[in-house]
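A.B. asks: This is the structure, below, for whatever I ask next.
The values are calculated or read from the model by the stated rules, or taken from the named source; none is laboratory data. Because the structure is predicted, anything quoted here is derived from the model rather than measured. All Cβ positions, even for glycine, are placed from backbone atoms using ideal geometry, and neighbour counts span all protein chains on display.
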């Protein structure tokens, strides 16, 4: 069970403090406008849409379709789609891309680097693998729920070049491999379609699904953190714990709020020698957030994995 102690409000405060007076132009994640926005933008083979989630623009396209297809359900809150709480997923993926966290952490290949294939997403990246679960499962659960406008057997994801058994690739394989997670995402989409669902209700179901996804992925990909510097690996573990408190607070992952909160996240990969609050090329805000995150393992014994229970 994740409880929100009084001090955790400081964490939420740090993530929201920059809202006042901000310039809200250019809020979308990198390459959002150039990414696929409908299923017909992907190739078709044997009656199935084929998507390569190991190419950044194609993975981002999955998020774009998801955000577009669910837009009408948030019209009761705000006329445009800014209040769609699924915005947090593509914006997080965009931050990972922009800061180099989707690239090969060992640089054995040029996957994810400007010197090679910048749009390549490395299966060796802990961030990329964790994000896969927060892309493929909510996307395929949405397909299964019927809100995407295609049948459950009309879409197939391509596997990574290795460790294929860690990843499900279509609705049926995800239901078979991760039934509890898929059930929670389906519950979110079911309540999304209820006219009586409040904004807070939707946040509860979203965070329950998000937390369950992160918990399972964290167990599978813990070994990937060995590929990183100690500060970056510690940040990854601390981030899992931070999400626990964001979930407990029902943090609203809308477009503007998520965009602003990401201003406190590290703008690059952490390297040996980085120690908040003394990282010279980070803003005061970024140093402060990183410092708060570094305290979390002392206050929470679940930092070994992304473990969380929401009720």
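A.B. asks: So residue 146 passes all but one of these: (1) closer than 28 Å to residue 228 by Cα; (2) free of Cβ contacts under 8 Å to residues at least 12 places away in the same chain. Which condition number does it fail?
C.D. replies: With respect to (1) closer than 28 Å to residue 228 by Cα; (2) free of Cβ contacts under 8 Å to residues at least 12 places away in the same chain, residue 146 is out only on (1).
A.B. asks: Right, here's the next one. Which number in (1) assigned to a helix (DSSP H, G or I); (2) farther than 18 Å from residue 57 by Cα; (3) free of Cβ contacts under 8 Å to residues at least 60 places away in the same chain; (4) in contact with a helix residue (DSSP H, G or I) (Cβ under 7 Å, 6 or more places away or on another chain) marks the one condition that residue 152 misses?
C.D. replies: (1)
A.B. asks: I'd like to verify a number: residues in region 61-85 that are touching a helix residue (DSSP H, G or I) at 6+ places or on another chain (Cβ under 6 Å) and more than 18 Å from residue 150 (Cβ to Cβ), how many?
C.D. replies: 6
A.B. asks: Specify which of the listed residues (195, 179) is modelled with pLDDT under 95 and exposed (fewer than 15 other Cβ atoms within 10 Å of the Cβ).
C.D. replies: Numbers: 179 fails: modelled with pLDDT under 95.
Only one candidate qualifies: 195.
A.B. asks: Taking residue 263 as meeting all but one of (1) modelled with pLDDT of 95 or more; (2) surrounded by fewer than 21 Cβ atoms within 10 Å (Cβ to Cβ); (3) within 22 Å of residue 139 (Cα to Cα), write down the number of the exception.
C.D. replies: Of the numbered conditions (1) modelled with pLDDT of 95 or more; (2) surrounded by fewer than 21 Cβ atoms within 10 Å (Cβ to Cβ); (3) within 22 Å of residue 139 (Cα to Cα), the odd one out for residue 263 is (3).
A.B. asks: Is it the case that residue 136 is surrounded by 14 or more Cβ atoms within 10 Å (Cβ to Cβ) and touching a strand residue (DSSP E or B) at 6+ places or on another chain (Cβ under 9 Å)? Spell out how you get there, then give the answer.
C.D. replies: On the way: surrounded by 14 or more Cβ atoms within 10 Å (Cβ to Cβ): yes; touching a strand residue (DSSP E or B) at 6+ places or on another chain (Cβ under 9 Å): yes.
The answer is yes for residue 136.
A.B. asks: Restricting the first residue to region 255-274 and requiring it to be free of Cβ contacts under 8 Å to residues at least 24 places away in the same chain, which pairs with a second residue that is in a helix (DSSP H, G or I) and buried (at least 20 other Cβ atoms within 10 Å of the Cβ) meet a Cβ separation below 6 Å and a spacing of at least six or different chains?
C.D. replies: Filtered contacts from region 255-274: no entries.
A.B. asks: For region 203-213, which positions are buried (at least 21 other Cβ atoms within 10 Å of the Cβ) and in contact with a helix residue (DSSP H, G or I) (Cβ under 6 Å, 6 or more places away or on another chain)? Don't jump to the end; show me each part of the working.
C.D. replies: So in region 203-213, the residues buried (at least 21 other Cβ atoms within 10 Å of the Cβ) come out as 205-207, 209-213.
Hits for region 203-213 are 205, 206, 207, 209, 211, 212, 213.
A.B. asks: Here is a follow-up. What about residue 91, is it touching a helix residue (DSSP H, G or I) at 6+ places or on another chain (Cβ under 9 Å) and within 20 Å of residue 197 (Cβ to Cβ)? Step through it out loud before you land on a result.
C.D. replies: Details: touching a helix residue (DSSP H, G or I) at 6+ places or on another chain (Cβ under 9 Å): yes; within 20 Å of residue 197 (Cβ to Cβ): no.
When the stated conditions are applied, residue 91 does not pass them.
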